[in-house]
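Okay, so here's the structure we're looking at.
The values are calculated or read from the model by the stated rules, or taken from the named source; none is laboratory data. Keep in mind that this is a model prediction, so the values were computed, not measured. When we count neighbours, we look across all protein chains shown, and the Cβ atoms used for this are built from the backbone with ideal geometry, even at glycine. Just the protein is used for accessible areas: all its heavy atoms, side chains included, with ligands, DNA and RNA removed. Shrake-Rupley method; radii C 1.70, N 1.55, O 1.52, S 1.80 Å.
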Amino acid sequence: MRVQALMDFIDHSPSPYHAVAQAAKLLKEAGFHPLEEHEKWELTAGQGYYVTRNQSSLIAFRLPRHKPERWLLTAAHSDSPTFAVKNDLAEGDKHYLRLAVEGYGGMNSASWQDRPLTVAGRVLVATQTGAESRLVYLDRDLLTIPSLAIHMQRDINKGHEYNPQKDMQPLYGLVGSKSLTDLLAEELGVDKQALLAWDLVLVPRQKPVLLGAEGELFQAPRIDDLGCAWAGLEGLLAAKGQEKAGQLCCIFDNEEVGSGTRQGALGTFLPDVLERIACCLDMDGQERRMALAGSMLLSADNGHAVHPNFGEKSDPANRVYPNGGVVVKYSANQKYTTNALTAGVFQAICQKAGVPVQTFANRADEPGGSTLGNLLGQQVSIPMVDIGMAQLAMHAAVETAGSRDPDYLAQACTAFYESQLTREGDGRYAF
Ligand code: CO
């Protein structure tokens with residue numbers, strides 16, 4: 001089953017840095033060429049390339065055999081709500097060692113308690129000539145955030161306000177043990193003094209698993225949004241190249257904190273890459289704008305499946321379920337970029353490919369979330385549609401989704417990348 005490939009991808013991607021490294025590995029194996037942003041690019045028609053920014057965002061693209069007349073793009077995010085490790089200076093108690101953490105994104109705090117956790121991310125290590133960032137994952141059960149016993153808070157089942165500074169600091173061990181810095185130095189095989197700085201996050205230790213009477217569901221950390229990041233990538237890798245359409249797969253960091261970073265969807269990563277491709281392929285100013293106007297982008301991030309115990313939380317008429325197919329997300333206030341034109345085109349492409357589609361909209365009295373498409377649209381003016389997989393327990397430490405949906409989403413992305421989508425006028429497409 002194709003869900004197994006996604007579960008492996010998630011398991012090997014404990015941090016955004018690891019997710020991007022995994023994506024780069026798959027791309028390299030498929031013959032895509034790595035590029036560096038600080039070097040001059042020489043691009044060849046028909047070839048595939050990828051480039052990373054901050055090691056946590058990635059854009060992969062396959063050039064058409066002729067001068068590009070349009071771009072077909074997907075975008076998803078590499079980050080998930082977690083806790084960032086400030087340092088390992090234990091404070092306070094004489095008996096316990098704790099790590100100091102702060103929240104990253106909007107997580108369900110309770111779901112992070114009483115489970116084995118560890119750390120992953122990158123460490124800047126001093127070298128002979130300077131410094132180098134190295135990925136690190138302490139692949140062991142290392143930490144926990146113990147809840148307070150019910151005897152000491154009798155009303156816990158009536159609700160609790162979680163204070164990240166009070167409730168969510170992880171227990172690392174007992175006084176006298178090695179420090180986190182010691183463990184990291186050991187793992188990296190370097191001297192403790194060589195560790196200059198780090199970007200580390202907490203990681204739930206649960207392995208992705210199939211659930212349900214026939215394995216029809218799966219549960220894993222970070223399904224939002226590694227499910228879509230993987231599907232976009234798989235879609236690109238499986239797609240045949242085009243004559244006149246460039247195919248791009250974007251994975252951005254920092255969606256969970258508003259995307260407003262150099263490597264986020266609000267940064268210049270995508271416009272910079274498009275500009276450089278256009279330069280290499282001798283596209284003039286007119287041709288660049290013509291290509292943008294004729295393009296389309298799938299903004300892929302998961303949507304809320306109807307909850308089995310809280311059916312009333314979903315709109316009565318726009319209900320999505322696990323294994324119901326690709327979710328097309330609407331929002332009148334334009335938190336999602338979907339409109340009749342882009343949704344209609346995308347759904348027609350899915351129908352042709354035999355991929356089921358379901359429609360999501362929030363209840364009229366629920367504001368709902370937002371995602372990266374509408375922010376990306378402020379940087380590159382391309383028609384977009386917001387899509388994703390239906391999932392439960394979004395932003396909990398582990399999430400649940402349908403095990404057939406990753407395949408549906410990857411198939412939809414491939415069909416989109418292979419489509420002969422051509423703009424014939426404002427409001428008219430051939431495909
Ligand atoms: Co998301």
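Quick notes
- Residues that are in contact with a His (Cβ under 7 Å, 6 or more places away or on another chain), open to solvent by 10 Å² or more (accessible area, probe 1.4 Å) and within 24 Å of residue 293 (Cα to Cα) were ranked within the stretch 236-272; the one that is nearest to the ligand (Cβ to nearest atom) is 244.
- Selected residue (criterion: farthest from the ligand (Cβ to nearest atom)) from residues of the stretch 290-309 that are touching a Phe, Trp or Tyr at 6+ places or on another chain (Cβ under 7 Å) and not in a loop (DSSP other than H, G, I, E, B): 291
- When the test is whether a residue is of a type in the set (A, V, I, L, M, F, W, C), touching a strand residue (DSSP E or B) at 6+ places or on another chain (Cβ under 9 Å), open to solvent by less than 40 Å² (accessible area, probe 1.4 Å) and at pLDDT below 95, residue 297 does not pass it.
- Test for residue 133: is it under 24 Å from the mean Cα position of the chain (by Cα) and not charged (D, E, K, R): yes
- Residues located in the stretch 117-126, provided they are open to solvent by 20 Å² or more (accessible area, probe 1.4 Å) and of a type in the set (A, V, I, L, M, F, W, C): 124, 126
- Of all the listed residues (104, 96), the sole one being among the aromatic types (Phe, Trp, Tyr) and modelled with pLDDT of 95 or more is 104.
- For the stretch 151-179, filtering for residues that are among the aliphatic types (A, V, I, L, M), open to solvent by 70 Å² or more (accessible area, probe 1.4 Å) and not in a loop (DSSP other than H, G, I, E, B) leaves 2.
- Only listed residue being open to solvent by 10 Å² or more (accessible area, probe 1.4 Å), part of a helix (DSSP H, G or I) and free of Cβ contacts under 8 Å to residues at least 12 places away in the same chain, chosen from 287, 312, 275: 312
- The combined condition, being open to solvent by 60 Å² or more (accessible area, probe 1.4 Å) and on the phi > 0 side of the Ramachandran plot, is fulfilled by residue 114.
- Top-ranked residue of the stretch 210-224 - restricted to ones that are within 16 Å of the ligand (Cβ to nearest atom) and part of a loop (DSSP other than H, G, I, E, B), ranked as least open to solvent (accessible area, probe 1.4 Å): 221
- Residue match in the stretch 88-104 (condition: in contact (Cβ under 8 Å) with a residue 12 or more places away in the chain, part of a loop (DSSP other than H, G, I, E, B), within 16 Å of the ligand (Cβ to nearest atom) and crowded, with 20+ Cβ neighbours inside 10 Å): no
- Only one entry of 135, 148 meets the criterion of being among the hydrophobic types (A, V, I, L, M, F, W, C), part of a loop (DSSP other than H, G, I, E, B) and open to solvent by 50 Å² or more (accessible area, probe 1.4 Å), and that entry is 148.
- Cβ pairs under 7 Å, 6+ apart, first in the stretch 336-352 and under 18 Å from residue 293 (Cβ atoms), second among the aromatic types (Phe, Trp, Tyr) and surrounded by fewer than 20 Cβ atoms within 10 Å (Cβ to Cβ): 345/429; 345/431
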